[in-house]
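**Student:** Take a look at the following structure, please.
Just so you know, all these numbers are worked out from the coordinates, no wet-lab data involved. Predicted model, so just to flag it, every value in this text is computed and none were measured. A quick note on method: Cβ atoms are made from the backbone with ideal geometry, for glycine too, and the neighbour counts reach across all protein chains shown.
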Amino acid sequence: YDGEKQNGENTVQFGNIFYDLAIDGADNLYVVGAGYIGQTPFAKTANVYMFHSSDSGQHWSAPTQVGASNAAHMLPAATGGPIAGQLSIGYFRTVNAVTDPNSTTGKWTYGTAQSTDANSSVPDFSYTDVAPGVVYHNGEVCNQGILCGTTPGGPSDRSLLDFTSVATDTQGCPIFTFAGNPTGSPGN
């Protein structure tokens, strides 16, 4: 994705690893990833974005931000439903207004976003947490890949195992799987 056309300069950052590709029952493709689109160079914010294609990947939509901008979002997973436009996305999200995933003060829950028109020009999502009020992780979610833990004083926590998963069951319902360490504390 080239953010220069949208923002005048390319300050897009999609370096938060582990994107997901999903397909719905009508062969619409969806790419979901965590990162930043905006005008701040080297922003430390992590949001979830969704792109879709209805022509086998020949052309892609503009990005749609999924979730609120007053939180950090990491490790998204997506699955398409059995009919056109159905898409379910799961992701870790901070609940204490921390927007930098590498902050040691983050408190993370697992949220979901579901749409029945994800293939439209302005998709509508409904949001819910898997268990409202439950914190599954405390501290950082290091987004620096193999560099996590290599810089003195830098981010190092990879205890969430780098990924989450979601699949659609035979009834068309999403099933989310994710790691957690709710009794942990930052750095432990």
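**Student:** Based on a Kirkwood Rh over C-alpha pairs, give the Stokes-Einstein translational diffusion coefficient of region 41-105 at 4 °C and viscosity 1.567 mPa s in µm²/s.
**Tutor:** Taking Rh from Cα pairs, D becomes 96 µm²/s.
**Student:** Okay, next question. So which cysteines in the chain don't have a second cysteine's C-beta under 4.7 Å from them?
**Tutor:** When partners are defined as cysteine Cβ atoms under 4.7 Å apart, the chain leaves C173 without one.
**Student:** While we're on this one: Using the Kirkwood formula on the Cα atoms of the chain, what hydrodynamic radius do you get, in angstrom to one decimal?
**Tutor:** By the Kirkwood definition, the hydrodynamic radius is 16.8 Å.
**Student:** Order the peptides 38-51, 69-82, 162-175 from the highest to the lowest mean number of other Cβ atoms within 10 Å of their residues.
**Tutor:** 69-82, 38-51, 162-175
**Student:** Positive end of the dipole of the chain, charges at C-beta (+1 Lys, Arg; -1 Asp, Glu), about the Cα centre: which of T168, F18, A72 has its Cα farthest in that direction?
**Tutor:** A72
**Student:** Could you state the principal axis extents of the C-alpha atoms in region 1-85, from the largest down, to the nearest angstrom?
**Tutor:** On the principal axes, region 1-85 reaches 38, 26, 20 Å in Cα extent.
**Student:** Here is a follow-up. Please get the size of the charge dipole for region 1-153, origin at its Cα centre, with Cβ charges of +1 on Lys and Arg and -1 on Asp and Glu, quoted in debye to the nearest 20.
**Tutor:** About 440 debye.
**Student:** Separate question: Using only DSSP helix segments of four residues or longer, with each worth -39500 (n - 2.57), what per-residue ellipticity at 222 nm results for the chain after dividing by its residue count and rounding to 500?
**Tutor:** Value at 222 nm, helices only: -500 deg cm²/dmol.
**Student:** Can you list the equivalent-ellipsoid semi-axes of region 104-188, largest first and in whole Å, using the square root of 5 times each Cα gyration tensor eigenvalue?
**Tutor:** Semi-axes, largest first: 30, 15, 13 Å.
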